[in-house]
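Beneath this line is the structure, given in structure tokens, with notes to follow.
The values are calculated or read from the model by the stated rules, or taken from the named source; none is laboratory data. This one's a predicted model, so the numbers in the text were calculated from it and none came from an experiment. All Cβ positions, even for glycine, are placed from backbone atoms using ideal geometry, and neighbour counts span all protein chains on display. For the accessible areas, the whole protein counts, side chains as well, though only heavy atoms, and no ligand, DNA or RNA atoms are used. Shrake-Rupley method; radii C 1.70, N 1.55, O 1.52, S 1.80 Å.
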Amino acid sequence: MTGQSRRNPRSRIKSAPAVDGDVDTAVRQASDNYRRHRDGNKSRTSIRIFNVNLKVMLGFCFVAFFVILYLISSLIVSGDHQTPRVITPFPASKVTDLPQFQGEHKESLYWGTYRPHVYLGIRARTPRSLLAGLMWIGVQNGRYVMRHVCQSSDELSTYGWTRHNARDFGHQVLVDQDMTLGTSFLKSKESGSGYGGDWAVRIQVNSKKSEEAEELLKTGHLFFYLADEDGNALSLNRDAINIHETSLLASGSRSDVGNWQLHLESRDNLKVHFSGFKTEHYHNLSELVQENIGAQARKFGRLQLSDTSDDSSNILVFQISGSIPFRTDLAFISGSGLPNSREEERVNNLTGSSLTDRLKEKELEFDTRFEESFGLANKFDFESTTVGKAAVSNLLGGIGYFYGRSKIALPGASHPGSQDSFLFYWPAELYTAVPCRPVFPRGFLWDEGFHQLLIWRWDIHISLDILGHWLDLMNVDGWIPREQILGAEALSKVPEEFIPQYPSNANPPALFLVLRELIHGLKKNAFTETESSEISSFLERAFVRLEAWFQWFNTTQPGKEASSYYWHGRDSSTIRELNPKTLMSGLDDYPRASHPTEDERHVDLRCWMLLAADCMHSISELTGKGKGLETVYSSATKILSEFELLNQMHFDDAHGTYLDFGNHTEKVRLIWKEVMGAQGFTTRQLIREVSEPPRLRMVPHIGYVSLFPLMGRIIPPESWILGKQLDLISNRSIFWTDYGLRSLSKTSSLYMKHNTEHDAPYWRGTIWMNMNYLILSALNHYATEHGPYRERAKDIRDELRSNIIRNVVRNYHKSGYMWEQYNQKTGKGKGAHPFTGWTSLVLLIMAEAYTES
């Protein structure tokens, strides 16, 4: 994750026909530029990388080619265009408009648990949906509290999906102090159903035997609600107070699903009360309910809704109360009121014993599919397998649907908080997994690349759909906002200062990780004929967008030296950060050069560009798209994978590893100073002090960034440098711990140092699952390659794998959660939780399903 919030290239859409001529021109220009640059650098003392060879010349050709295309496309696109480029959609057919994402596929995914920020939330994949959700009254510190939105402050002992198949079934357990709730979700498409079919929710309430439970939890109070984002009035069945006479709670009509009904069934002695509200605000429903109950409690001394409803209410809330334990089923029936709609039969099929049987069938189906996909049965015990199931279930159950407009910051605005300091993106939808339901319940670009490494193995069709939604967010320049805060519900979870997205900021192109997997699978015939056809169609449609994305990086993130790159946008004027953050890299506070300049070279971004270039080359070959560009991408791949060139740029003999390069000094610290404020008052602040001038040098911080060439398999298996990297990995003062590899070496001057008074260390020592997974994948590669370090790579891989699994399983059963990161000293989970985004990669580690070369 990139902290709490997680810069102009061109479209390639019209430039493809001129490829051959442009390359010839670019080669000549590159050659001239190369000679001038070489002559002008004879006296430089920094690392010399300009030996005259064909590969470097091809590199200049490659860069010049894209610069020319950028100038051409800028003229073509800018012309008479009135809309600012940054909020202009990419001018190509949307990936999600492919036939494979329409029809049965689209309808089958219409309803789902697509509101991950609440403990149980249902909606449809449409901009303005009928929403459903659950609240309940819990007890905390001897007081009644309302539960609805996932919050760490609620201090639930555990919550999360124990099984979820991402399509039509999920089961969740929530332990709230002495009360335990089990929620099950089931979808059904039957004869007579409206679009998207029907769905049911089962809620089981139990409590522990305790003094507090006996006193305050004799009766359980659930609140199930429906809210229509279109503002359609919902019809309340006022007889619903007596559920033994009728099961119908509410009904209504929508253009998407037709007439619909909501029914409640239970064999327990339950009481039902209700309230109806008319409002356009849906992100604060719990506040409406609390206000209503509070008024009743003050007037009548009871925890009970008012049994009143506003005229034309578009929100209905039903309070379901009963002596604990109790169980209730709610069934949503679409397409009702027609001659063949069979409402009663369909309600019966989705409640009571029929629902029990169907849920058991779905559990068995899930378990069978889980074993077929990951094969853990003969490798792990029940406790470990339970964690594996929770990993994939929570990732899948956390998939959400969002609709809204991103807020885009304008560079150089005179008043950053004013209306003229930002623009709004076009209205867009996003179907995506999320990293963490209570803290990060929205889409993050680089996180999603890691999420899809697991999701495609479970359901390739859903994975392609998600990838398509992300690529459709691309603007005309090839930029994708790295954090997607779409809609009122998503906005409600983010502080105002973190909402604007900066169009100059990149984010690792991690989607290429899963694209590489899919390409490899096509080459190995690992997919069915239908799957192969859909993947190929996807790659053909996505190619022009992927090309623009690659070009955006290549034109906005290059370094001074040919084939070098750095993350643009670091703050060079900060006086409060010990080391200016690099949020755009995804590694936030990972130490970089102390003084940001355009002289920087970042080894991780160079390796990301290699991955992207290699994928583009493979896609162009597989699909025949971008005819004539195969040579360009092939040249880029060869240059970026050139081992000697990489070493000249980034390898440091003194440390025996790969490092960033930049204007750096180690003599930086934070000290308390009296600072004069705007009003003439002094305040004591923690200010950065530099006691030695920086100089261009290697940045001597060994950590995850140092291992990117290993992760990218650039190091030859016979190279002594590989042996040196294995030494560092297994060194307890550098990377090795008993719980996984730490993010920053203990030898670093910034190891576990705060970056500001309030910014605790984030990527400065703790253990992160996504990087450990990529490192394990690389070790697995070298363990299967002939060379002198084969056996050593295998031994390190096996021990590291065991350490990670053991620690995650232990933490899960002890704390009830998977965590954002793990303490490098104790192995204890820390940070956001439940964090079942890339931490769910532990399942792939268990299954030994590593990324392919």
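Around the Cα centre of the chain, unit charges on the Cβ atoms of Lys, Arg, Asp and Glu (plus for the first two, minus for the last two) sum to a dipole of about 2020 debye. What does a probe at Lys271 reach in region 228-256, counting residues whose amide N is under 14 Å from the point 7 Å along Cα→Cβ? Zone members listed by number: 241-243.
For region 222-278, trypsin sites (Lys or Arg not before Pro) are listed when DSSP marks them as loop and at most 13 other Cβ atoms sit within 10 Å of their Cβ; the list is Arg267.
Each residue of region 274-279 was assigned a 3J(HN,Hα) from its phi angle through the Karplus curve 6.51 cos²θ - 1.76 cosθ + 1.60 (θ = phi - 60°); the sequence is 8, 8, x, 10, 10, 7 Hz, with glycine and proline shown as x.
Note on Glu104 and Lys209: the model spin-label points, each 7 Å out from Cα along the C-beta direction, lie 5.2 nm apart. If R0 is taken as 41 Å, the Cβ-Cβ distance between Asn141 and Asp381 corresponds to a FRET efficiency of 0.65.
Of all DSSP-defined beta bridges confined to the chain, some 95% are antiparallel rather than parallel.
For the pair region 95-146 and region 231-266, the centres of their Cα atoms are 19 angstrom apart. A prolate overall shape is assigned to region 177-247, the ratio a/c of its alpha-carbon gyration tensor axes (a ≥ b ≥ c) being 1.5 or greater and a/b exceeding b/c. Accessible surface calculations at 1.4 Å, restricted to protein heavy atoms, place the chain at 38 Å² per residue. Which shape class, rounded, prolate or oblate, goes with region 746-853 when its Cα gyration tensor gives a ≥ b ≥ c as root eigenvalues, a/c under 1.5 marks rounded, and past that a/b bigger than b/c marks prolate? Oblate shape, in that a/c is at least 1.5 and b/c is the bigger or equal ratio.
Once you list every other residue whose beta carbon is under 13 Å from the beta carbon of Asp154, what net charge do they have if Lys and Arg are +1 and Asp and Glu are -1? Neighbour charge sum, excluding Asp154 itself: +1.
Other residues whose C-beta falls under 14 angstrom from the C-beta of Arg801 contribute a net charge of -1, scoring Lys and Arg +1 and Asp and Glu -1.
Calculated FRET efficiency, Ser573 to Glu852, Cβ-Cβ distance, R0 = 51 Å: about 0.75 to the nearest 0.05. Sorting the segments 217-227, 463-473 by their mean number of nearby beta carbons within 10 angstrom, highest to lowest, gives 463-473, 217-227. Computed per residue of the chain from DSSP H runs no shorter than four, each worth -39500 (n - 2.57), the mean residue ellipticity at 222 nm is -11000 deg cm²/dmol. For the chain, rounded, prolate or oblate, judged on the Cα gyration tensor with a ≥ b ≥ c (square roots of eigenvalues), a/c < 1.5 rounded, else prolate if a/b > b/c? Verdict is prolate for the chain. Between Glu666 and Asp738, the contour length at 0.36 nm per residue exceeds the Cα-Cα span by 23.0 nm. How high is the FRET efficiency between Ser354 and Glu496 when r is their beta carbon distance and R₀ equals 45 Å, given to the nearest 0.05? Step by step, r from the Cβ atoms, then E = 0.40.
The length gained on full extension between Phe681 and Thr623, counted as 0.36 nm times the residue separation minus their Cα-Cα distance, comes to 14.3 nm. With the simple spin-label model, which puts each label point 7 Å out from Cα in the Cβ direction, the Thr784 to Lys278 separation comes to 6.4 nm.
Between the alpha-carbon centres of region 604-651 and region 797-853 there is a gap of 32 Å.
Among the listed pairs Lys106/Lys189; Lys106/Lys523; Lys106/Lys187; Lys638/Lys794; Lys524/Lys638; Lys667/Lys825, give every one whose C-alpha distance is greater than 18 Å. Write down the numbers at each step before the final one.
Details: Lys106/Lys189 13 Å; Lys106/Lys523 28 Å; Lys106/Lys187 14 Å; Lys638/Lys794 28 Å; Lys524/Lys638 23 Å; Lys667/Lys825 27 Å.
Over 18 Å Cα-Cα: Lys106/Lys523; Lys638/Lys794; Lys524/Lys638; Lys667/Lys825.
Here the relative contact order of region 114-366, from alpha carbon pairs under 8 Å that lie six or more residues apart, stands at 21 percent.
One decimal place: the segment Lys746-Ser255 gains 170.7 nm when fully extended, by the rule 0.36 nm per residue minus the C-alpha distance. Each peptide in 671-677, 526-532 receives the mean, over its residues, of other Cβ atoms within 10 Å, and ordering these scores from highest gives 526-532, 671-677.
For region 551-650, which GluC sites (Glu not before Pro) pass both filters: DSSP loop (anything but H, G, I, E, B) and at most 14 other C-beta atoms within 10 Å?
Answer by residue number: Glu598.
For the pair Arg238 and Asp759, label points projected 7 Å from Cα toward Cβ lie 6.0 nm apart. Peptides 582-591, 694-703, ordered by how many other C-beta atoms sit within 10 Å of their residues on average, highest first, read 582-591, 694-703. Here region 296-333 and region 659-697 have alpha carbon centers that stand 57 Å from each other.
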